[in-house]
Amino acid sequence: MEPDSADDLFSVAVLIDELKNENVQLRLNSIRRLTTIATALGAERTRSELVPFLADSNDDEDECLLAIAEEMGNLIPKVGGAEHVHCLLAPLENLSTVEETVVREKAVDAACKVGRAMNEDGIHEHYIPLVQRLASGDWFTARVSACGMFAVAYEKCSPSKTELRRSLQTTFSELCRDETPMVRRAAAQNLGKFAAVCEPEYVKTEIMALFQALTTDEQDSVRLLAVEDCAMLGRLLPREECVYEVVPIVKKFAADKSWRVRYMVAQQLYELCESIGKDLARTELLPSYEQLLMDNEAEVRIASAGNVSSFCTLVGAEAAAERIVPRVKELAGDTSQHVRAALASVIMGLAPTLGKAQTIDQLLPIFLTLLKDEFPEVRLNIISKLDHVNQVIGVDLLSQELLPAIKDLAEDIHWRVRLAIIEYIPLLASQMGTAFLFQKTEGAGAGAAKEGQLNQLCLAWLSDRVYSIREAAAVNLQKLTEVFGAEWARTHILPHALELMKSPHYLYRTTVIKAMTLLGKTVGQEVLLRDILPALKVAAKDKVPNVRFTIAKSFGEVASAVDSSVVDAEIRPMLYEMEHDSDADVRFYAAQSLQMCDIKTRG
């Protein structure tokens, strides 16, 4: 036997032993390697030894049971083909009855995978009997798990087995009327999936009767899951029957006493509207959507506001302007900041639907209101979607309000807000031009008036107290240079960056070095040699080792942006000198950059 092969077998033997170990972590490690164990054992021993061991396992740790449930689906190719896959159902049946919900859900997912991999005989002899056993289980956990398996069982059952298919239909109907709310919830959750594999006539009659019963259930947790079936059934039924059967239920749900049910309607309503078409959506469901936009619960208004743009596109400009925009104006002044933030993230998408004139008359005042909102996320959401408005009316009409909003965000006390606005600056600049960067605000000082508030902010971020902001600021300057060109950077960025190189704080100096290195790759060799490289050479003599090794790394990156002759004449001598630096890190990075120079020379 080959030594490597013997080692592999020994490793597998250890894994098998660890399946029985008292230590939970060792058992977990072994369970997660079940496919390795199965491969080593072979298909026959996997079926006769490993799977029965898993079925008989009395592990009481939920974490181990969850891991087994997750791995069972991966064993399908390891048991010897479709005719033997049914052997995996025994351990999954046990896992489908445990109390822990997550374990049961994973077991049901795995059982459905196994069912799809089985042949017709296996479905009839093993899978459907398993589903029937679970469905008639004494404890509710078995019946809950059975609900998730019916769709696969019915789909794979031969159409010639009419009695068997009828039995499945009857059993599922019984689960929909089960006395335990948890079982009815599971049935409601899987009704749409079961309907999708049933015959159209059965859907129109029995499934719709079950759906009607679930929508009037006394438990709101059952009703809210029935809401999810509305869109699915709307796609399965002919349009006329959908309007007659499903739409009235949706209208009733939109006024349900439970806010959770209304919340689910707000999330699902657009999908249902798509299935019935824009004309019927406009006449039948638009009033319900208006009602949800004005709901008493903030969570419902948030879910409704998130679909404003999509809904307006669906119902058209005229209906949107008449029915939805007035509600949107009210939401812009909502007492909940989260509602306003949700609205701000989508409202710009209304502009293409409403057109230029309506956007200026109806939406522009709302945009301006949200741009002045006290909550940073609202202002950020508006600014991040300006491209939608730019395509319709341009952003000139917003420019006077943009600068104060951006300035406030740029100086926000929360660093993540400052980081977010930095990332939007290049996009805004590309849409609005250099004039936007040099726009002045009232009350600005002489320096600000000369350079422009936003331009100053872009440079001030280089000396922010948060590292992530300083790093993003360096990248921001590079992106702005890509938009406006090397001459712009040379005139407006490099002089100020060179001033910052004299900062007494070494962290700020290292940030400026990174910024200048990134600029060096963008501005071209002429500007790099004339303005940037001399400053980097001076910084190479800095008294702080962190600055020097940043320079050492920088030289390697700069080498990729210049000719080989420049590398040999300007960069190599500096790196040779830094290779003898007193600091080990400086020497290390100098050597690394010299290797990059060698690659550049050879290339």
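The values are calculated or read from the model by the stated rules, or taken from the named source; none is laboratory data. This is a predicted model, so every value here is computed, not measured. Glycine also receives a Cβ, built like all others from the backbone with ideal geometry; neighbour counts cover every protein chain displayed. For accessibility, only protein heavy atoms count, side chains too; no ligands or nucleic acids. Shrake-Rupley method; radii C 1.70, N 1.55, O 1.52, S 1.80 Å.
Annotations
- Qualifying residue in the range 206-225 (condition: open to solvent by 40 Å² or more (accessible area, probe 1.4 Å), within 22 Å of GLU271 (Cβ to Cβ), part of a helix (DSSP H, G or I) and at pLDDT below 85): yes
- Being closer than 22 Å to VAL24 by Cα and not in a helix (DSSP H, G or I) holds for only one residue in VAL102, VAL98, and it is VAL98.
- Taken over the range 174-194, the criterion of being of a type outside the set (A, V, I, L, M, F, W, C) and open to solvent by less than 10 Å² (accessible area, probe 1.4 Å) is satisfied by GLY192 alone.
- Screening SER258 with (1) closer than 23 Å to LEU210 by Cα; (2) among the hydroxyl-bearing types (Ser, Thr, Tyr); (3) open to solvent by 30 Å² or more (accessible area, probe 1.4 Å) gives one miss only, at (3).
- Unmet criterion (only one of (1) surrounded by fewer than 19 Cβ atoms within 10 Å (Cβ to Cβ); (2) farther than 21 Å from ALA110 by Cβ; (3) at pLDDT 85 or above) for SER158: (3)
- Restricting VAL523, VAL544, VAL558 to residues that are touching a Phe, Trp or Tyr at 6+ places or on another chain (Cβ under 7 Å) and open to solvent by less than 60 Å² (accessible area, probe 1.4 Å) narrows the list to VAL544.
- Flag for VAL152 being out of contact with any Ser or Thr (no Cβ under 7 Å at 6 or more places or on another chain), surrounded by 20 or more Cβ atoms within 10 Å (Cβ to Cβ) and either of a type in the set (A, V, I, L, M) or more than 30 Å from ASP256 (Cα to Cα) (or both): yes
- Given (1) in a helix (DSSP H, G or I); (2) within 22 Å of GLN267 (Cβ to Cβ); (3) touching a helix residue (DSSP H, G or I) at 6+ places or on another chain (Cβ under 7 Å), index of the condition LEU175 fails: (2)
- Here ASP59 clears all of (1) open to solvent by 40 Å² or more (accessible area, probe 1.4 Å); (2) at pLDDT below 85 except the condition numbered (1).
- Residue match in the range 112-128 (condition: within 22 Å of ARG33 (Cβ to Cβ) and surrounded by 21 or more Cβ atoms within 10 Å (Cβ to Cβ)): yes
- Looking at THR283, THR353, just one residue is touching a Gly at 6+ places or on another chain (Cβ under 8 Å) and open to solvent by 30 Å² or more (accessible area, probe 1.4 Å), and that residue is THR353.
- Some residue of the range 288-307 being closer than 18 Å to PRO365 by Cα and touching a residue at least 40 places away in the same chain (Cβ under 8 Å): yes
- Lone unmet requirement of (1) within 19 Å of VAL114 (Cα to Cα); (2) within 35 Å of the chain's Cα centre (by Cα); (3) in contact (Cβ under 8 Å) with a residue 24 or more places away in the chain for GLU100: (1)
- Qualifying residues in the range 585-603 (those that are small (Gly, Ala, Ser) and open to solvent by less than 80 Å² (accessible area, probe 1.4 Å)) - the one farthest from LYS521 (Cα to Cα): ALA591
- Single residue of the range 263-279 satisfying the filter (open to solvent by 20 Å² or more (accessible area, probe 1.4 Å) and out of contact with any helix residue (DSSP H, G or I) (no Cβ under 6 Å at 6 or more places or on another chain)) that is farthest from VAL227 (Cα to Cα): ASP279
- Taken together, the residues in the range 305-315 that are open to solvent by less than 20 Å² (accessible area, probe 1.4 Å) and more than 20 Å from the chain's Cα centre (by Cα) amount to 4.
- Residues that are surrounded by 22 or more Cβ atoms within 10 Å (Cβ to Cβ), in a helix (DSSP H, G or I) and not aliphatic (A, V, I, L, M) do occur in the range 42-55, at least one of them.
- Yes/no for ALA231 being modelled with pLDDT of 85 or more and not acidic (Asp, Glu): no
- Taking the range 452-502 as the range and being in contact (Cβ under 8 Å) with a residue 24 or more places away in the chain, buried (at least 20 other Cβ atoms within 10 Å of the Cβ) and either in contact with a strand residue (DSSP E or B) (Cβ under 8 Å, 6 or more places away or on another chain) or not in a helix (DSSP H, G or I) (or both) as the test, the residues that pass are ASP464, ILE493.
- Residues in the range 122-145 that are under 36 Å from the mean Cα position of the chain (by Cα), hydrophobic (A, V, I, L, M, F, W, C) and over 21 Å from THR162 (Cβ atoms): LEU134, PHE140, ALA142, VAL144.
- Checked across the range 137-149, the condition of being touching a Cys at 6+ places or on another chain (Cβ under 8 Å), small (Gly, Ala, Ser), open to solvent by less than 40 Å² (accessible area, probe 1.4 Å) and assigned to a loop (DSSP other than H, G, I, E, B) holds for at least one residue.
- THR171 over 24 Å from ALA43 (Cβ atoms), out of contact with any Gly (no Cβ under 7 Å at 6 or more places or on another chain) and surrounded by 15 or more Cβ atoms within 10 Å (Cβ to Cβ): yes
- Of all the numbered requirements in (1) under 39 Å from the mean Cα position of the chain (by Cα); (2) surrounded by fewer than 21 Cβ atoms within 10 Å (Cβ to Cβ); (3) of a type in the set (Gly, Ala, Ser), SER582 misses one, and that requirement is (1).
- Within the range 506-602, helices (runs of 4 or more DSSP H) holding 3 or more residues that are modelled with pLDDT of 90 or more and under 28 Å from LEU480 (Cα atoms): 506-523, 545-559
- Qualifying residue in the range 303-312 (condition: outside any helix (DSSP H, G or I) and under 24 Å from LYS372 (Cβ atoms)): yes
- Conditions (1) modelled with pLDDT of 85 or more; (2) open to solvent by less than 60 Å² (accessible area, probe 1.4 Å); number of the one not met by GLU105: (2)
- Residue satisfying all of: in the range 226-254; open to solvent by 50 Å² or more (accessible area, probe 1.4 Å) and of a type in the set (A, V, I, L, M); nearest to ASP295 (Cα to Cα) among these: MET232
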